[in-house]
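Here is the structure we will look at.
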Amino acid sequence: VVVREGGGKWAPKEGDVIKFDAVRIRTTKQVVARNITFVKAAFKPEVPKETGVVATIKDGNYGFIRCCDREERLFFHCSSFLDREQAQGLRDGAEVAFLVDKDRDGRLVAQQLASLPKGTVSFYTLLGGTVRGTVDRALRQPSSKGYQPRDQISRDAFGGQVVYKEEGAGPKDKPIKVMFDGEDMADARGVVPSVGDTVEFQVCLDKPSKKKKASGVRVVAYAEGAGREQGVVTKVKEGIAYAFIKCCDREEQLFFHSSAFKELAPAPPKATKPRTAEAPGGEGGEGANKE
């Protein structure tokens, strides 16, 4: 075990770069290495590098990596970074490359870490374009997070499911079911999908689990009978972020804040029939206008 630059200790392996002082022993005339310091470890060419994202980091010294190629999360210590400066100020979400090794107890850990530019790591392989489906199972909130409003999506939510049919599928073809989690929503500030809502998404292959899942999920139409009402916005003042709604199904007006607006994807235009607007004089009376 030798001292490494920046602190800590390292068990040197073949190919590692070290610094040392060459010292000649007077009695034996032999030249030996003293004050050995570890500088850099060499990647093993026969071992492929893996990539992932720092999921958690604790005390600024160690943490866990969400891996692209395996479902389990790997432990790492900041002293395992090839460049010590990259470990300074490390935060959740940092993208890294690493080798997988075993610790003294035989557990898999990440070693020889190196930082990657943001956007390098991908957990999905896109399998096609955008499709539409129906929410079959709503997202569930972890018990530790408590109540989550409908207009706030937690990235820790899990267990959502959508059903859809591939393009060209017939009436007898069974619908396909794919899962999605909170981190698969297109906008964390968008509408939380409920059972029966129509959503748009992309079908991807999740690399760690090797299973299909929905990604970039967003609500495009609400389920019928979901308790939604209609009305007309009234009493809007310029520069004020709130107003009131005159409701179709109740006498009292409802207050709302502009932040409550959620933009849905535009629905396909529907064909409409020409209609006649009646004048006060009655059907066909004077002043009747044709549209």
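The values are calculated or read from the model by the stated rules, or taken from the named source; none is laboratory data. Predicted model only: the values in this text are computed from it and were never measured. Counting neighbours? That spans all protein chains shown, and the Cβs are built from the backbone with ideal geometry, glycine included. Heads up: the accessible areas ignore ligands, DNA and RNA and are worked out on the full protein's heavy atoms, side chains in. Shrake-Rupley method; radii C 1.70, N 1.55, O 1.52, S 1.80 Å.
Consider all pairwise Cα distances in region 77-130 and report the whole-number % of them above 16 Å. Write out the running numbers ahead of the final one.
Numbers: 752 of 1431 pairs.
The share of Cα pairs beyond 16 Å in region 77-130 comes to 53 percent.
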Once all protein chains are kept in place, Lys235 shows an accessible area at probe 1.4 Å, nearest 10 Å², of 140
By accessible area (1.4 Å), largest first, Glu252, Glu95, Glu71 order as Glu71, Glu252, Glu95
Expected unfolding gain across Lys58-Thr27 under the 0.36 nm per residue rule, minus the alpha-carbon gap, is 6.1 nm
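Over 24 Å between Cα atoms: which of Lys49/Lys102; Lys19/Lys58; Lys58/Lys102 fall into that group?
Numbers: Lys49/Lys102 15 Å; Lys19/Lys58 31 Å; Lys58/Lys102 21 Å.
In this structure, Lys19/Lys58 exceed 24 Å between Cα atoms.
Magnitude of the Cβ-charge dipole of region 23-144, K/R +1 and D/E -1, about the Cα centre, nearest 20 debye? Don't jump to the answer; show the numbers that get you there.
Details: 20 positive and 14 negative charges, 118 e Å.
The dipole magnitude comes to about 560 debye.
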With every protein chain in place, the accessible area of Ser154 for a 1.4 Å probe, in Å² rounded to the nearest 10, comes to 20
In nanometres, the difference between 0.36 nm per residue of separation and the alpha-carbon distance of Ala241 and Ala223 is 3.7 nm
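Are there any trypsin sites (Lys or Arg not before Pro) in region 91-130 that are in a DSSP loop and have at most 11 other Cβ atoms within 10 Å? List them by number.
Details: sites: Arg91, Lys102, Arg104, Arg107, Lys118; in loops: Arg91, Arg104, Arg107, Lys118.
Taking region 91-130 and a limit of 11 other Cβ atoms within 10 Å, the loop trypsin sites (Lys or Arg not before Pro) found are Arg91, Arg104, Arg107, Lys118.
Region 12-127: D in µm²/s via Stokes-Einstein (Kirkwood Rh, Cα pairs, 20 °C, 1.002 mPa s)?
Details: Rh = 16.0 Å.
Taking Rh from Cα pairs, D becomes 134 µm²/s.
For region 75-121, calculate the relative contact order in percent as a whole number, restricting contacts to Cα pairs under 8 Å that are 6 or more residues apart.
Numbers: 63 pairs, mean separation 20.2, N = 47.
With pairs under 8 Å counted, the relative contact order is 43 percent.
If Lys and Arg each add +1 and Asp and Glu each add -1, what is the summed charge of the other residues whose beta carbon sits under 10 Å from the beta carbon of Val199? Write down the numbers at each step before the final one.
Details: positive: Arg132, Arg218; negative: Asp197, Glu200.
Cβ neighbours under 10 Å give a net charge of 0.
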Among region 193-217, those whose backbone N falls under 16 Å of a label point 7 Å along Cα→Cβ from Glu167 are 200-204
